[in-house]
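A short worksheet on the structure shown next.
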């Protein structure tokens, strides 16, 4: 018994198969020095085709127009435009955030700050959590999603970043996550969140912390906003006032985590200890073992 060969789907005769396009795209990215060339090639191809990365090889192929679009995106990525700007999305823990020019692209190492903060928040029935220097809202929205009883406040001053933060907050609320409060404010303002002073259970912050003049990857130098990356000559221009704000906002026993440059593993804990209003000061590494964020607790009153 002979079987009839499966006929191509309508409109697929002129399509370009996916595997050769992926091989070519991977080679172009690798030649441009992109270390994660293959997964990035797959993500760009999936973006162009409008499918998830896991379903990439199940589609019929690229049209000529889609292939031209892929080539355009590959050329831009080879020029060190961030992958997240090309796709418009950034993964962070369980979130798929909207990002683009004007906002810092969230990094995987910041997920460790969230993990620590969630551990503290879950010790309180209805925790009040504040995210300073919120940017895209990655920290605040991750906490709101994974600690659904938390009341979460996100503070950001950059008009461009606020646009992305509000957009992400709206998207996540529409998806069923607990809404967050977005505050347009400078974290150095002495009156910041006066209504919450002494009431915050957990304060998390990923401030600009890279010392000015430090060489950074081309993606960061050319596309992340400088005010979200560099923290003055020593990288501590925002860290210092954040420590003071944390001491004012946290309740006694409240928890603090501040991400910092990998050269600040001793300096930031020393600043926390020198403030005198914190105890349980510690520094914590990222997954590569480099110093990544400092933690502390607001000191309890005597007696």
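The values are calculated or read from the model by the stated rules, or taken from the named source; none is laboratory data. None of these values were measured; they are calculated from a predicted model. Here the Cβ positions follow ideal geometry from the backbone for every residue, glycine too, while neighbour counts run over all protein chains shown.
Observations
- Residue 272 meets the conditions (1) outside any helix (DSSP H, G or I); (2) on the phi < 0 side of the Ramachandran plot in every case but one. The failed one is (1).
- Some residue of region 255-267 being modelled with pLDDT of 95 or more, over 18 Å from the mean Cα position of the chain (by Cα), over 15 Å from residue 107 (Cβ atoms) and assigned to a helix (DSSP H, G or I): yes
- Contact annotation: residue pairs with Cβ atoms under 7 Å, 6 or more positions apart or on different chains, pairing a residue in region 273-285 that is over 17 Å from residue 250 (Cα atoms) with a partner that is assigned to a loop (DSSP other than H, G, I, E, B) and at pLDDT 95 or above, are 283/265.
- Scope region 46-61; condition outside any helix (DSSP H, G or I) and touching a helix residue (DSSP H, G or I) at 6+ places or on another chain (Cβ under 7 Å); matching residues: 52, 59, 61
- Any hit, region 214-231, residues being surrounded by fewer than 16 Cβ atoms within 10 Å (Cβ to Cβ), modelled with pLDDT under 95 and either touching a strand residue (DSSP E or B) at 6+ places or on another chain (Cβ under 9 Å) or not assigned by TED's automatic domain parsing to the domain that holds residue 133 (or both): yes
- Residue in region 131-144 that is more than 20 Å from residue 89 (Cβ to Cβ), modelled with pLDDT of 95 or more and surrounded by fewer than 24 Cβ atoms within 10 Å (Cβ to Cβ) present: no
- Complete set of residues in region 62-92 that are surrounded by 19 or more Cβ atoms within 10 Å (Cβ to Cβ) and part of a loop (DSSP other than H, G, I, E, B): 82
- Test: residue in region 122-134 that is more than 26 Å from residue 287 (Cα to Cα) and assigned to a strand (DSSP E or B): yes
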